[in-house]
1. Name the residues in segment B:8-40 that are more than 17 Å from the chain's Cα centre (by Cα), of a type in the set (D, E, K, R) and either under 23 Å from residue B:205 (Cα atoms) or modelled with pLDDT under 95 (or both), would you?
2. Could you list all residues from segment B:30-48 that are loosely packed, with under 15 Cβ neighbours inside 10 Å and under 15 Å from residue B:73 (Cα atoms)?
3. List the residue pairs whose Cβ atoms are under 7 Å apart, where the first residue sits in segment B:285-296 and is over 13 Å from residue B:249 (Cα atoms) and at the interface with another protein chain (Cβ under 9 Å from one of its Cβ atoms), the second is of a type in the set (Phe, Trp, Tyr) and crowded, with 21+ Cβ neighbours inside 10 Å, and the two are 6 or more positions apart or on different chains.
4. For segment B:134-236, give me every one of the helices (runs of 4 or more DSSP H) that falls completely inside it and has 1 or more residues that are over 26 Å from residue B:115 (Cβ atoms).
5. Tell me the residue from A:92, A:53 that is over 26 Å from residue A:126 (Cβ atoms), of a type in the set (D, E, K, R) and either out of contact with any helix residue (DSSP H, G or I) (no Cβ under 7 Å at 6 or more places or on another chain) or modelled with pLDDT of 95 or more (or both), please.
6. What is the one condition in (1) closer than 27 Å to residue B:208 by Cα; (2) in contact with a strand residue (DSSP E or B) (Cβ under 6 Å, 6 or more places away or on another chain) that residue B:24 does not satisfy?
7. In segment A:99-120, how many are under 23 Å from residue A:39 (Cα atoms) and buried (at least 17 other Cβ atoms within 10 Å of the Cβ)?
8. Name the single residue, out of those in segment A:178-213 being of a type in the set (Asp, Glu) and touching a strand residue (DSSP E or B) at 6+ places or on another chain (Cβ under 9 Å), that is modelled with the lowest pLDDT.
Protein chains: 2
Amino acid sequence: MTDAAIKAERIAILAEGRLGVLTSKTAACVVRYQPERVACLIDSTRRGRLAGEVLGFGGDIPVVGSVGEALGRFPDSLLIGIAPKGGLLPPEWRRVVVEAIQGGLNIISGLHTMLEDDPEIGPLARRHKVRIWDVRRPLVPDDVARGLMKHRRGRVVLTVGSDCSSGKMTAAYEVVRGLRHRGVRAEFVPTGQTGMVLAGWGQAVDRVPGDFMARVVEDLTLEALSRADVAVVEGQGSLVHPAYSGVTLAILHGSWPDAMILCHQPTRKRIEEFEVDLPPLAALVDMYERACAPLFRSKVVAVALNTYDLDETRAKAEVERARRETGLAVTDPVRWGPEAICDGLGGVL
Amino acid sequence: MTDAAIKAERIAILAEGRLGVLTSKTAACVVRYQPERVACLIDSTRRGRLAGEVLGFGGDIPVVGSVGEALGRFPDSLLIGIAPKGGLLPPEWRRVVVEAIQGGLNIISGLHTMLEDDPEIGPLARRHKVRIWDVRRPLVPDDVARGLMKHRRGRVVLTVGSDCSSGKMTAAYEVVRGLRHRGVRAEFVPTGQTGMVLAGWGQAVDRVPGDFMARVVEDLTLEALSRADVAVVEGQGSLVHPAYSGVTLAILHGSWPDAMILCHQPTRKRIEEFEVDLPPLAALVDMYERACAPLFRSKVVAVALNTYDLDETRAKAEVERARRETGLAVTDPVRWGPEAICDGLGGVL
């Protein structure tokens, strides 16, 4: 399933008009965790600035204004680092992709539009002998989930969330780093495009046909456990998000976790578009545990808060509040490291 | 979304080796509800028998042994009326499909394998000027769900289940007939292949990419409400089925129902493959209502039992038991008609 993956060494990341921690999630995560792979960021509205100034990390990675300018930094690949809602190729990006291909760059894209299949872009890439990694191209297995998780070897941890973009990928990634630091053979299981670009494997489960989602997650988790003792699976969406809840539950049941980490951004109170208020953390903990209960026993053992938009004092207050509300280990793993969460996992690993 | 649909008038239904109420679900449902469209059934192991003998309904619709024999009944289309697990085209059926096309039949297929895209079958069909309706071909909308359900006009009823193949399609179809009989403008919303073949429209939600499932259900439900006052949506799978629960929840949140009907086969106690015991009915009622609660208020108002494998006395005992356990209206809508369920819906419609 990783045949198409491109292990790019020097990436130019498109974040046009939207470079920011939440507005260009993929771009920001690659800059945060693998800055050595990033040649430059492309955002004409922030041209001439540095990643460190705009994102708060990424140091002196330059922000350039166009693909033409980016080529001067000698990248080997263009990563589309922003995701339009719905995930189709916006018309104005077509020109950018074409220019990158003409400039000899491979393309890494997490769009729902499969660029390889595009009648202009696919043939152009072949003509220029560059590769396209459509990260979201779905794998369709030959069967549905097989019930292999119950008797697997190894332990599984899953990050779950109050909403989408609440830090599930980041928490999973940080926890793997934390566990490895403690000498645990842990492996990150990517289920979305950002995690896939970071790890160089995985499947975009939100693109997999409904019937096969749980199977794909089962396969990914077992693959991780074939080379590690603990698989830390990146969750998606939320059980209370009307558009994505199906993907969330498929990952929950497909990965069959021993323990869960609940991810939440304290300043987020509501899913506006659907007029849905986010339940309190304790209710979310209960909801995720109950969703597993008829199948297997799993506990939420820690809470990962995403406090990037709070100052230190307020962030600490939110951690304290979440700790009181849930009685669990709580931290912001990006701000203070994953140690508290790794401690919380101690009982189940 | 209904462009590809074939409104076949005389269908030969393939049920090779598996003609039966549960083993050939699609075949059995078309025979039950639209026998006038069925030219014959194909099952070489039951050749020479009649539908009425094998299924208990369908009267003197003949069972023939091959496509060649079926052609003598002058069908216009071949419907693949059985679904292999995983849904791919079994090698031995390829010859059957080819023979049907060579005999001038359109093909209606609910397989995950898209026959139109098959390098042998697609071109052959074009050469013979017959049409292929790949019922499960997924629609990929241009965006995810939009939160249009909360303020829709009209009422929505959804059938949910303890397991897959527990009678959700049938209950929804029966309830629409029952409501119409009472003068209610009700419309059946097909979300799976059997319902689609019966109704001539719909989407196989289990084949839609995860992110778009809820949106597709939103679209289907709104389409039904554009021509009716009550949409009765066919649910899929079960919240406790590890392989399919994601599809189940996407349909639950995508259709945003005012009321639910819980479907269950009393003799089914367990999902063997996953070693999952089915929860008691009262726990299932609670689970479905809780899965809606953070988003919208919805109640299970009736239970539809599938008692086809019980005698009349035991069936009545199961109805009585379910009534006591849940305090709800309970019946087997196939055995005794949907009236009790329609009564149960009275409070919300």
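The values are calculated or read from the model by the stated rules, or taken from the named source; none is laboratory data. Please read these numbers as outputs of a predicted model, since none were measured by experiment. Heads up, the Cβs are rebuilt from the backbone with ideal geometry, glycines too, and the neighbour counts pull from every protein chain shown.
1. Residues satisfying the conditions are B:9, B:16, B:18.
2. B:36, B:47, B:48
3. B:296/B:256
4. B:168-181, B:213-225
5. Answer to the check: A:53.
6. If we test residue B:24 against (1) closer than 27 Å to residue B:208 by Cα; (2) in contact with a strand residue (DSSP E or B) (Cβ under 6 Å, 6 or more places away or on another chain), just (2) comes out false.
7. So in segment A:99-120, the residues under 23 Å from residue A:39 (Cα atoms) come out as A:99-111, A:115.
After this cut, where a residue has to be buried (at least 17 other Cβ atoms within 10 Å of the Cβ) as well, the list is A:100-101, A:105-111, A:115.
The total comes to 10.
8. Applying the filter and picking the extreme gives A:206.
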